[in-house]
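Working notes for the structure below.
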């Protein structure tokens, strides 16, 4: 699937669990390293994609989707087929929300399906493939 999307799988060879590790291993900037948490909302599970400098705003999501919480690791595995921390931004059968700031990047680096793999992809391809909604869902009060 990666090739079809013009994406590249990066085999890191060791666990990459944080934005900082993603930056170290790829040379990407923190805003190019994306996070793909699974959120459980009153309107169903969501895959929410934000850049590495941002956090998901549960307040903003709550206004759109009702009460929200982060999925537990077991729920992430059940919903996506992937372990928490390795969830790719594409190929996930969940309603997908991409924060608008992610689209400011030429490419982004996110989960590659395993804790030691990353996926380098153009953010527009995520939106197209996932039929994602582009919304402002980052918590602006907590940015560095």
**Item:** Surface/4 estimate of mean projected area, convex hull on alpha-carbon atoms of the range 14-55, nm²
**Value:** 3.3 nm²
**Fill in**
Ranked by GNM mean-square fluctuation in the chain (Cα springs under 10 Å), the top entry among 24, 124, 32 is 24
**Fill in**
Taking a crude spin-label model, label points 7 Å out from Cα along the C-beta direction, the residue 29 to residue 43 distance in nm is 3.2 nm
**Quarter of the Cα convex hull surface for the range 8-139, i.e. its orientation-mean projected area (nm²)** = 6.8 nm²
**Message:** Sort 1, 58 by Cβ crowding within 10 Å, fewest neighbours at the top.
**Reply:** 1, 58
**Asked** Where does each of 115, 39, 34 land when they are ranked from fewest to most other beta-carbon atoms within 10 angstrom?
**Response** 115, 39, 34
**Request:** Please order 18, 26, 96 by the number of other Cβ within 10 Å, starting at the fewest.
**Result:** 18, 26, 96
**Linear extension gain, residue 20 paired with residue 8, 0.36 nm per residue minus alpha-carbon span** = 2.3 nm
**Prompt:** Could you work out the helix-only [θ] at 222 nm for the chain, with each DSSP H run of four or more residues adding -39,500 (n - 2.57) and the total divided by the number of residues, to the nearest 500 deg cm²/dmol?
**Reply:** -6000 deg cm²/dmol
**Distance from the range 1-45 to the range 63-122 (C-alpha centre basis), Å** = 8 Å
**Asked** Expressed as a rounded percentage, what relative contact order does the chain have, with Cα pairs under 8 Å and six or more residues apart?
**Response** 31 percent
**Request:** Can you tell me how much longer the chain between residue 124 and residue 78 gets when fully stretched, taken as 0.36 nm per residue apart minus their C-alpha distance, in nm with one decimal?
**Result:** 13.9 nm
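Just so you know, all these numbers are worked out from the coordinates, no wet-lab data involved. Computed from a predicted model, the values in this text were never measured in an experiment. Here the Cβ is made from the backbone with ideal geometry for all residues, glycine too, and neighbour counts use every protein chain on show.
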